[in-house]
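Asker: Before I ask anything, here is the structure I am working with.
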Amino acid sequence: MVEARRSTIFAGYLKILPLFLFVIPGVIGLALYNKGVLDFPQGPNGAEYDAVLPVMTMQLLPAGLRGLVVAGLLAALMSSLSSVFNSSSTLFTLDIYKKYRPESTEKHLVRVGQVCTLVLTGLGLLWIPMLQIIEGGLFQKLQSIQAFISPPIAAVFLLGLFNKKLNANGAKWALISGAVIGVLRLILEINKPALTGLPLAFAEINFLHFALILFLFCSALLIGVSYWKPMVLPSSAGEVIYVRGAGEVSNKINLRASAFLVAVILVIWYAFS
């Protein structure tokens, strides 16, 4: 439990890094462009600010450091892609395919995982043109897509921590309904130029406002279904044994790290608001 909490807290600190990877370089690039230091490629809407990182890398860094930065970016990109493909193919192979084909051999499962990776790669390539349709820069696109899929998970996780009466029935319906609504909003976002009336109004909701609305909807659905269809668990289910001693010190460290993380987020929020 202590290590799991530390991992979650550490992940919270890592989630702050995209601000410095996407936003801060953009602010620096804009300031240098206004001073005439940088020369951005021109597009139909003016300077292409999505190219700020490669432009700054090519025009400001010396030759040796330039190659190091590019190699680091490519290595990080390949590492992220390999992690996603490996995790997704493993989840599909072991949690879905093997469940319905338990007699499958290890060699066959490996082949299924390889085919799944190829399919995921194809889907990823097909998704690239869709990103061009979504409004905003790269950082805004990533945040908007997360706003369509993350609220149901956040609702189930957060409410599950504070309410013991919530159960799997409510979580299932909250996750499924949230995923369907999120995918529907994403489809409407991609086809926004062809929409009118109510679908257009739904697609034009700010992605942050949509995330809040979806979170509240999934929370209400989670609570409603859980209380409507309660589940009776065995008396031994859910029992956790806590050992006093070193764990108390670790919990104090975790609380301090969590409080500092919240403070950092509030400072960043205030600074950029």
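Asker: Could you check how many percent of all C-alpha pairs in the chain are farther apart than 32 Å?
Answerer: Here the long-distance tail beyond 32 Å is 44 percent of all Cα pairs in the chain.
Asker: List the residue ranges in the chain for DSSP H helices whose C-alpha atoms run 20 angstrom or more along the long axis and whose Kyte-Doolittle average is 0.5 or above.
Answerer: Membrane-span-like by this criterion, though nothing is claimed about a membrane: 63-90, 106-133, 138-162, 168-190, 207-228, 246-272.
Asker: Could you compute Rg(Cα) / (2.2 N^0.38 Å) for region 4-87, with N its residue count?
Answerer: 1.36
Asker: Divide the volume of the convex hull of the Cα atoms of region 55-187 by its number of residues and quote the answer in cubic angstrom per residue.
Answerer: Taking the convex hull of the Cα positions in region 55-187, it is 184 Å³ per residue.
Asker: Would you list which lysines come within 26 Å of residue 229, measuring only between C-alpha atoms, while excluding same-chain residues fewer than 8 positions from it?
Answerer: 164, 165, 172
Asker: Something else now. With no solvent and one equal point scatterer placed on each C-alpha of region 136-230, evaluate the Debye formula and give log10 I(q)/I(0) for q = 0.15, 0.16, 0.21 Å⁻¹, two decimals.
Answerer: -0.59, -0.65, -0.95
Asker: Over the chain, what relative contact order in percent results from Cα pairs under 8 Å that are six or more residues apart?
Answerer: 20
Asker: Still on this structure, I have one more. Mind checking which lysines have their C-alpha under 17 Å from residue 192, skipping anything on the same chain fewer than 8 residues away?
Answerer: 141
Asker: Could you give the spread of the C-alpha atoms of region 80-133 along their three principal axes, from largest to smallest, in whole angstroms?
Answerer: Principal-axis extents of region 80-133 (Cα, largest first): 44, 19, 14 Å.
Asker: Kindly rank 255-263, 221-229 from highest to lowest mean number of other beta carbons found within 10 Å of each residue.
Answerer: 221-229, 255-263
Asker: A further question on this structure: Sum -39500 (n - 2.57) across every DSSP H segment of at least 4 residues in the chain, then divide by the residue count to get the 222 nm mean residue ellipticity, nearest 500.
Answerer: When only DSSP H runs of four or more count, the value is -24000 deg cm²/dmol.
All of the numbers you see were taken from the coordinates with simple rules; none came from a lab. Computed from a predicted model, the values in this text were never measured in an experiment. Cβ sites come from the backbone with ideal geometry, for glycine too, and all protein chains shown count toward neighbours.
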